[in-house]
């Protein structure tokens, strides 16, 4: 697929921690789906050797790069490190994608096409046309509930603000103030979407098919949910207080 010329240089950022069984397959599928795009694997010192395997992939393909980090700090810091690397190397579009195969690289062309008329494109599970495969009912209910909670608490028009398959323009990331972001878990995704909307930028949701991982274990845990619930409540409360303080006209 040819990337729309208007978009410029595209970098697909894939954070990893113990994804040795998945990384080779997902990188290969990205390269096949969007050959002009580059891939950056951001590895948090995976003890299973993911970083070393990524180095081998990079050695064999000049479109693949690896950023090694000292240790596991969470999803947010890994992506911010990737965004900064991308900015330093002159990329115009940054794509977020999980390493575990839950995000389908074959759907990347549709996300990039939608970015021609948007500042941020979210791959969405919970809109018409979106699907989830192989998830237990409890996991689906938690995700749907978390997104409804975020939509109501924050007053945002998004149905899948927690999803991690998305494409940003570099200019969008420059405007939203990454230096102020300290979210670490999956609420990082809500944080960036909220900041984009508050800047008055255009956010578009595109339906995707999410497939639960086959290899490895999920990084989702109770602490991740607790951080997201607390931060969303705090952001929502702060927004309401700010609106009450504004002088009425």
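In summary, residue 198 fulfils each of the numbered conditions (1) modelled with pLDDT of 70 or more; (2) within 19 Å of residue 148 (Cα to Cα); (3) buried (at least 20 other Cβ atoms within 10 Å of the Cβ) with the single exception of condition (3). Evaluated against (1) within 18 Å of residue 101 (Cβ to Cβ); (2) over 15 Å from the mean Cα position of the chain (by Cα); (3) at pLDDT below 75; (4) surrounded by 15 or more Cβ atoms within 10 Å (Cβ to Cβ), residue 227 falls short on exactly one condition, (1).
The residue list 123, 130 contains one member that is crowded, with 18+ Cβ neighbours inside 10 Å, at pLDDT 95 or above and more than 28 Å from residue 68 (Cβ to Cβ), which is 130.
Filtering 140, 107 for residues that are at pLDDT 95 or above, part of a helix (DSSP H, G or I) and more than 15 Å from residue 192 (Cβ to Cβ) leaves a single hit, 107.
The values are calculated or read from the model by the stated rules, or taken from the named source; none is laboratory data. Remember, predicted model here, so these are calculated numbers, not experimental data. Ideal geometry is used to build each Cβ from the backbone, glycine not excepted, and the neighbour counts take in all protein chains shown.
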